[in-house]
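The values are calculated or read from the model by the stated rules, or taken from the named source; none is laboratory data. Here the structure is a predicted model, which is why all the values come from computation and not from measurement. Here the Cβ positions follow ideal geometry from the backbone for every residue, glycine too, while neighbour counts run over all protein chains shown.
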Amino acid sequence: MMTRAYSLLSGLSRQGLAANRALCKTGVAALGVTGLILAGCADQSGSSGTGAGRGAVTAPVTQATSHRVGVLLPLSGTNAALGHELLAGVQLALGGGGLPPDMQMDVHDTAAIGGAASATSAALQAGDGILLGPLTSGDTAIAAPAAQAAGIPVLAFTSDITQGRPGVWVMGITPEEQVQQLVAQAKRDGRQHFAALLPDNALGHAMGNGLVSACRDQGLAAPAIAYHNGTADSITQTLRQLSSYDARVAAVKQAMPATPVPGATTTSGNPSEVTGLTELPKVAQLPASLAAALGQDPNQPPAPVAQPGQASNGAASPVAPAAPQITLGAPPFDALLLADIGLGLKNVLDALVVTQVNAPDVRIMGPGLWASFASKLGAIKGAWYAAPDPTSRQAFVTRFIARNHHMPKPLADMSYDAATAALTVARSGVPGYPAESLTRPGGFAGVDGTFILLPDGRVRRALGVFEVIGNGSDARMVSTPVQARAGTSG
């Protein structure tokens, strides 16, 4: 099975912090087969136009009813390579012949002088009946108001759900949609109490908002959500509070007999030390494969552990009877959502060990970004993430390579899908691209399966739920993609 290539994030498992900075610099990150435009990142896509709130975009006097397709992409500047890859996806969808006579492609560079504002104005003045793009959340915010005023639909290549609205569709696989799938599957698995430990960044907040919505939609109690600043100390302390660690330790202490166990440690005021029990380990040694994936030196040997009758330097010494390990009760949740990658994920995994948040009491869930290094996540065997079925992309990959002579980047899938939707509507014979045609209940055949445009600007896609199985193997699909239906919330 072809492993899902998150090409723009392939180095995140080793370079998490550097990649996070890069994402904010470009405003773009690939998520599965689509683009993830992080809502909190500064938009530096090269747009220099006036934009919404900085000057009006000129709109045509009458609503366009033709089937001309306006394509708004950065074809120069910082994101030019991404723009041309997206353009290749559009060209593949519209290059097979059999187009309606009035269906022409009208391409505009959002990174040229005037930016997204000028590109949008030119497309509307040319009489384009639909706009495919722009790429970034910021450019979408500039282009969408003028297109809406002209009654022209926009299929934007962003995953910022806040840009979605009637007439403006968010084509990326959003974090919110992933969480909807995870919560629905977890509820079927019997999970009832959800929590989240998330980074205090755009992706973390998008996942958190998605969890709130998903729990509400599924009739579950409101989740407990906590954000950390990315440091190991912040992650550990935040998870201690979220998991009621001190209360769980106190419960174990209260249940212990009053008579000290011979050879056991005694309390020293530290809530993690319990009479008759040893202290929890501060850091767990990670498997070499996971250490390599997350940037830890796998060649660094763990500290030697003294065996009974042997001192740490190898000399014989008397050893007291080993005290039993602490076994805490379950935390106040049975499903925990994470969103970290790179070094942040390593620190989260350490904190999970320290606080004894683990299976089977808790189902760990994470972002689709994990698919690119799922075989290295054996430390959280049984964890879930939601993503498209990678086998469904094979036919598209073959066609793309034949035309463009290279493997398609995930972003090309998204632009191909958008152009396919436009072509399907145009071939139906209706004038222009009316909302009722774009939001048809049956949806459209996309690269990764059927997708449906909902009236409120959301896009429903067929995502599967994958489970980490460890042992260096790819994750296995535990819930096959189910065709989305118009009007569904999850």
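If you check Ile113, Ile130, Ile142, which single one turns out to be more than 30 Å from Asp334 (Cβ to Cβ) and touching a strand residue (DSSP E or B) at 6+ places or on another chain (Cβ under 8 Å)? Can you show your working first?
On the way: Ile113 fails: touching a strand residue (DSSP E or B) at 6+ places or on another chain (Cβ under 8 Å); Ile142 fails: touching a strand residue (DSSP E or B) at 6+ places or on another chain (Cβ under 8 Å).
The unique qualifying residue is Ile130.
Quick one: would you say Pro390 is at pLDDT below 95 and not small (Gly, Ala, Ser)? Walk me through it before giving the result.
Numbers: at pLDDT below 95: yes; not small (Gly, Ala, Ser): yes.
So Pro390 passes the test.
Please find, among Leu92, Leu131, Leu99, Leu135, the residue that is surrounded by fewer than 24 Cβ atoms within 10 Å (Cβ to Cβ), in the same structural domain as Asp413 (by TED's automatic domain parsing), at pLDDT 95 or above and not β-branched (Val, Ile, Thr). I'd like the intermediate steps shown before the answer.
Values: Leu131 fails: surrounded by fewer than 24 Cβ atoms within 10 Å (Cβ to Cβ); Leu99 fails: at pLDDT 95 or above; Leu135 fails: surrounded by fewer than 24 Cβ atoms within 10 Å (Cβ to Cβ).
None of the other options fit; the residue is Leu92.
The set of residues from the range 372-406 being small (Gly, Ala, Ser), buried (at least 21 other Cβ atoms within 10 Å of the Cβ) and under 13 Å from Ala475 (Cβ atoms) comprises Ser372, Ala374, Ala383, Ala386, Ala387. Being part of a helix (DSSP H, G or I), surrounded by 24 or more Cβ atoms within 10 Å (Cβ to Cβ) and either on the phi > 0 side of the Ramachandran plot or touching a strand residue (DSSP E or B) at 6+ places or on another chain (Cβ under 9 Å) (or both) is a property that does not hold for Leu423.
Scanning the range 357-410 for residues that are touching a helix residue (DSSP H, G or I) at 6+ places or on another chain (Cβ under 9 Å) and within 24 Å of Leu345 (Cβ to Cβ) yields a total of 30. Against the list (1) part of a strand (DSSP E or B); (2) at pLDDT 95 or above; (3) over 29 Å from Arg427 (Cβ atoms), the condition Ala81 fails is (1). Checked against (1) of a type outside the set (Asp, Glu); (2) over 30 Å from Asp334 (Cα atoms); (3) within 17 Å of the chain's Cα centre (by Cα), Gln181 passes all but a single condition, namely (2). Can you spot a residue in the range 145-153 that is in the same structural domain as Leu87 (by TED's automatic domain parsing) and under 21 Å from His84 (Cα atoms)? Within the range 145-153 (the criterion being in the same structural domain as Leu87 (by TED's automatic domain parsing) and under 21 Å from His84 (Cα atoms)), the answer is no, since none of the residues qualifies. Can you report the number of residues in the range 106-164 which are under 26 Å from the mean Cα position of the chain (by Cα) and part of a strand (DSSP E or B)? Of the residues in that region, 5 qualify.
Filter the range 167-205 down to residues that are polar (S, T, N, Q) and within 28 Å of Gly230 (Cβ to Cβ) and give me whichever is surrounded by the most Cβ atoms within 10 Å (Cβ to Cβ). Among residues in the range 167-205 that are polar (S, T, N, Q) and within 28 Å of Gly230 (Cβ to Cβ), the one surrounded by the most Cβ atoms within 10 Å (Cβ to Cβ) is Gln178. Does the range 356-363 contain at least one residue that is within 18 Å of the chain's Cα centre (by Cα) and either at pLDDT 95 or above or not hydroxyl-bearing (Ser, Thr, Tyr) (or both)? Yes, because at least one residue in the range 356-363 is within 18 Å of the chain's Cα centre (by Cα) and either at pLDDT 95 or above or not hydroxyl-bearing (Ser, Thr, Tyr) (or both).
Return the total of residues in the range 376-435 being closer than 15 Å to His84 by Cα and under 19 Å from the mean Cα position of the chain (by Cα). So the answer is 7. The residue that is surrounded by the fewest Cβ atoms within 10 Å (Cβ to Cβ), among those in the range 218-239 that are more than 20 Å from the chain's Cα centre (by Cα) and assigned to a helix (DSSP H, G or I), is Asp233.
Scan the range 426-453 residue by residue and report those that are touching a Gly at 6+ places or on another chain (Cβ under 7 Å) and either assigned to a helix (DSSP H, G or I) or under 21 Å from Ala126 (Cβ atoms) (or both). Working first, answer last.
Applying the first criterion (touching a Gly at 6+ places or on another chain (Cβ under 7 Å)) to the range 426-453 yields 432-433, 435, 450-452.
The answer is Gly432, Tyr433, Ala435.
Suppose we keep only residues that are basic (Lys, Arg) and buried (at least 17 other Cβ atoms within 10 Å of the Cβ) within the range 240-253. Which one would you say is nearest to Phe194 (Cα to Cα)? Show your work before the answer.
So in the range 240-253, the residues basic (Lys, Arg) come out as 240, 248, 253.
Applying the additional criterion that residues be buried (at least 17 other Cβ atoms within 10 Å of the Cβ) yields 240, 248.
Details: Arg240: 16, Arg248: 18 Å.
In this case the residue turns out to be Arg240.
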